[in-house]
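Working notes for the structure below.
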Amino acid sequence: MGNIFSTKTKKKFFFKKTKNGNYIVKVDELQIDRLQQLHHVLKICCNANFYSPISQDLTRGIDVLDVGSGTGTWVFDVSSDFPKSRFTGVEIQSFMLPTIRPSNTNFIHNDILEGIPFNPNSFDYIHMRYMILCFTDLQYDKVIKNLVELLRPNGYLELCEPNMNFTNMGPATQRLVDEISKLLSARSMNPSISDRLHEYLEKNGLQEIRQHDVMLPLSELDGEIGSLLGQNFVNIINGLKRLLIKQMNITHSEINQLINEFITEAKLNRMYCRYTMVHVVLLNERKFFMVYLSDYEFRKSKIPKIFNIPEIHCFDGQVHFQTTDSPLFRPFFSGPDFEIPESFLFYFVSTSNFPVLFIIISYKKLFSNEVIIIIIFLQYDIHQLLI
């Protein structure tokens, strides 16, 4: 694998207790190296840096937010692959923020539990992973709600978390995992938070949720990746050592003995950690757009091509053509307030010398000569269609 996992840095990092946040692992140079190495291992295990189907969007250029960006490893990696996209990382530990960065990246010191300094509809893709040691159940729910507000229509939210209940554990590993679970539960954190990601997203009104689980090896029996992830777990234990010693009422030598027993068990047993990735797209809510277009503006726009509208012939105030129901819209309509007609109705009305296009996708009863003007685009930004 070459030197992809060589993450030693010249800069020294020192733990600083923050005013806000509740990350329970002591952050030092060892943990910085652990997180950087973990990024590269996850990229190999998951065959990509992200799960959401956004490669084409990233190539075109979109706005991306990475929550809990740390030293920016994920941001740097993805931003180098997609130079036309704009990346923002948010991190509570100010000393971890990069001082040298590519031009398409930006980093902000912020505690997202206190709010995120962005306007609604600011991002096309939001990525957050490995916050299991950072948020309580209630905080996780709150953060997701805030992130959804930051998403633009048709934007993607991606969450990735491990499950602390490993498979095929030996007795020492089981004891360590149980104690970590107790440590988290005592702080209202969930060691199986990955099992609730789907629930959190549904609670915030999101649908079409996709989930993919990857079994991460923790044993050298699975090669270098297993060995590295096993060592990653050891380093997590070292970051929690002070808290575990106090909770378990044991000595330093006893906790070290448990760690050594885990290492021995990892040489004999193929242990795995389930890593869950979920993504969801924020479909446009029912939004009504009233747009007046001249014949020239209409022909110049992308509407005729996208919706396969035939040549237009204007008959003042009359329905002049119909086209078949577009499959682009049907899946997004629901509820008693809307009916999907067998065909969409397109009206042209001459007002003075200015022909106006009325597109009626979902219509109500028309009263006398009045026309209800409604344009609904659920999958397209109306402004982009008119370019």
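The values are calculated or read from the model by the stated rules, or taken from the named source; none is laboratory data. Keep in mind that what you see is a predicted model, and the values were worked out from it rather than measured. As a convention, Cβ positions derive from the backbone with ideal geometry for all residues, glycine included, and neighbour counts pool all protein chains shown. In case anyone asks, the SASA skips ligands and DNA or RNA and just uses the protein heavy atoms, side chains included. Shrake-Rupley method; radii C 1.70, N 1.55, O 1.52, S 1.80 Å.
Structure notes:
- Between the amide H of Asp63 and those of Arg86, Asp124, Tyr125, distances stay under 5 Å, these residues lying 5 or more places away or on another chain, with hydrogens modeled in the peptide plane.
- Carbon + sulfur, % of accessible area of the range 174-280 - ligands and nucleic acids excluded, 1.4 Å: 45 percent
- The H on the amide N of Ile108, modeled in the peptide plane, is under 5 Å from the matching H of Gly89, Val90, Glu91, each at least 5 residues off or on a different chain.
- Residues whose amide H falls under 5 Å from that of Asn121, counting only those 5 or more places apart or on a different chain, are Leu150, Leu151, with hydrogens built in the peptide plane.
- Members of Lys241/Lys267; Lys43/Lys182; Lys182/Lys246; Lys142/Lys203 lying beyond 18 Å, as alpha-carbon distances in this model show: Lys241/Lys267; Lys43/Lys182
- Relative protection proxy for 190-200, 82-92, 110-120, from highest mean packing down: 82-92, 190-200, 110-120 (other beta-carbon atoms within 10 angstrom).
- For the range 62-73, 3J(HN,Hα) per residue [Karplus equation, 6.51 cos²θ - 1.76 cosθ + 1.60, θ = phi - 60°, Hz, x = Gly/Pro]: 9, 9, 10, 10, 10, 8, x, 6, x, 7, x, 4
- Inter-label distance for Lys203 and Thr264, nm, one decimal - labels placed 7 Å from Cα along Cα-to-Cβ: 4.2 nm
- Calculated accessible area for the range 49-92 comes out at 36 Å² per residue, all protein chains present (probe 1.4 Å; ligands, DNA, RNA ignored).
- Alpha-carbon centroid distance for the pair the range 175-245 / the range 104-170, whole angstrom: 16 Å
- Given their separation in residues at 0.36 nm each and the Cα-Cα distance between them, Ala48 and Lys241 gain 66.3 nm when the chain is fully extended.
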